[in-house]
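Trainee: The structure that follows is given in the form of structure tokens.
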């Protein structure tokens, strides 16, 4: 099966004709994203954030505003539904993950748009985690069983102020939409988090037990989590992997099994080679994504969708 599925026009397409076509094909395209993991739209007449906004709106899906998310990343809104993918510097690598799978609230789908490709590098790696799960069950059956039955706990420190140079530098005020510690604690209590305030004003929070595996269709499972990103990316940011992520019972993850998952994912990964105007639709329950390092100015915009094709 093609990964990603590529959709291109055979002739020049006017913007309004594109929007009309998307409105008619929305359900089928979302279904194809579930089957293939990702759909790449190339050579369509998209240039600006506003064009991208119109492209998304044509699908008639439920917007998931970034402000309402629990994302760790600092991002800047360009329209009501469009924002920058990540404000971290070009030398920061973002590891494979399912968007917000380290939180109890996550989108079903994501759109990415290339407003400007990097001078070099900057590809978006994507990986089908249903195929990853199938191979992981064979390679690491004990680890896979523990992931399925125990779930995962994530611990993360939210700074007192936004730190755009970090891939996960969103402040606790912005993350929790709270203007005081008391409001933050009420929000975390609602979410089932445990927490500790740090001397520097930052907030160390631990999630409730979250799933590591998801059934997307009868008999079809995906490795739906942030395990690779938490184990590799958060460690690269100076946080011990054992303190970032554990099994749901608090036991540490076996490093050799995690490394096996990392290696299998690398074998399955496709790097999206961005061209100006490209749009990618990802099914967040099927496909992981990340970011390669880059040079030059790179502007990739994003948008989140709630409850489409669940």
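Values in this text are rule-based calculations from the coordinates and carry no lab data. Since this is a predicted model, take the numbers as computed values, not measurements. Here the Cβ is made from the backbone with ideal geometry for all residues, glycine too, and neighbour counts use every protein chain on show.
Trainee: Hey, in the GNM for the chain with a 10 angstrom Cα cutoff, which one of 271, 283, 17 fluctuates hardest?
Mentor: In this elastic network of the chain, the residue with the biggest mean-square fluctuation among 271, 283, 17 is 17.
Trainee: Choose one answer from 120, 171, 218: the residue with the largest mean-square fluctuation in a GNM of the chain with alpha-carbon springs under 10 Å.
Mentor: The residue with the greatest mean-square fluctuation here is 218.
Trainee: Another question, then. May I ask you to sort 232, 215, 182 by Cβ crowding, counting other Cβ atoms within 10 Å and putting the fewest first?
Mentor: Listing 232, 215, 182 from fewest to most nearby Cβ atoms yields 182, 215, 232.
Trainee: By how many degrees, between 0 and 90 and to the nearest 10, does the Cα long axis of helix 15-36 differ from the longest principal axis of the chain?
Mentor: That helix lies at roughly 40 degrees to the long axis.
Trainee: Another question, if that's okay. I'd like the FRET efficiency for residue 220 and residue 11, computed as 1/(1 + (r/R0)^6) with the beta carbon distance as r and R0 of 41 Å, rounded to 0.05.
Mentor: On the way: r = 36 Å, r/R0 = 0.89.
Approximately 0.65, to the nearest 0.05.
Trainee: Distance from a point 7 Å along Cα→Cβ of residue 23 to each backbone N in the stretch 42-66: keep the residues under 18 Å and list them by number.
Mentor: Those under the cut-off are 45, 51-63.
Trainee: With label points built 7 Å along Cα→Cβ from the Cα atoms of residue 91 and residue 190, find their separation and express it in nm.
Mentor: Here the answer is 4.0 nm between the modelled labels.
Trainee: Using 1/(1 + (r/R0)^6) with R0 = 41 angstrom and r between the beta carbons of residue 297 and residue 251, what's the FRET efficiency to the nearest 0.05?
Mentor: After rounding to 0.05, the efficiency reads 0.40.
Trainee: In a GNM of the chain with a 10 Å cut-off on Cα contacts, which of 195, 274, 133 has the highest mean-square fluctuation?
Mentor: Most flexible of the set in this elastic network: 195.
Trainee: Further, regarding this structure: Fewest first, what order do 245, 300, 105 take by the number of other Cβ atoms within 10 Å?
Mentor: With the sparsest Cβ surroundings first, the list reads 105, 300, 245.
Trainee: Helix 255-268 versus the longest principal axis of the chain: what is the Cα-based angle in degrees, 0 to 90, to the nearest 10?
Mentor: With both axes taken from Cα atoms, the answer is about 0 degrees.
Trainee: Over the alpha-carbon set of the chain, divide Rg by the Kirkwood Rh and report the Rg/Rh ratio to two decimals.
Mentor: 0.96
Trainee: Here is a further query. Measuring from a point 7 Å past the Cα of residue 148 along Cα-to-C-beta, which residues in the stretch 210-234 have an amide N at less than 19 Å?
Mentor: 210-227
Trainee: Along the Cα→Cβ direction, 7 angstrom out, place labels at residue 76 and residue 116. What is the inter-label distance in nm?
Mentor: Each label point lies 7 Å from its Cα, and together they span 1.1 nm.
Trainee: Between 0 and 90 degrees, rounded to the nearest ten: what's the tilt of helix 141-150 against the longest Cα principal axis of the chain?
Mentor: The answer is roughly 80 degrees.
Trainee: If you don't mind, another one. Counting other C-beta atoms within 10 Å, which of 15, 251, 188 has the fewest, and how do the rest follow?
Mentor: Neighbour counts put them in this order, fewest first: 251, 15, 188.
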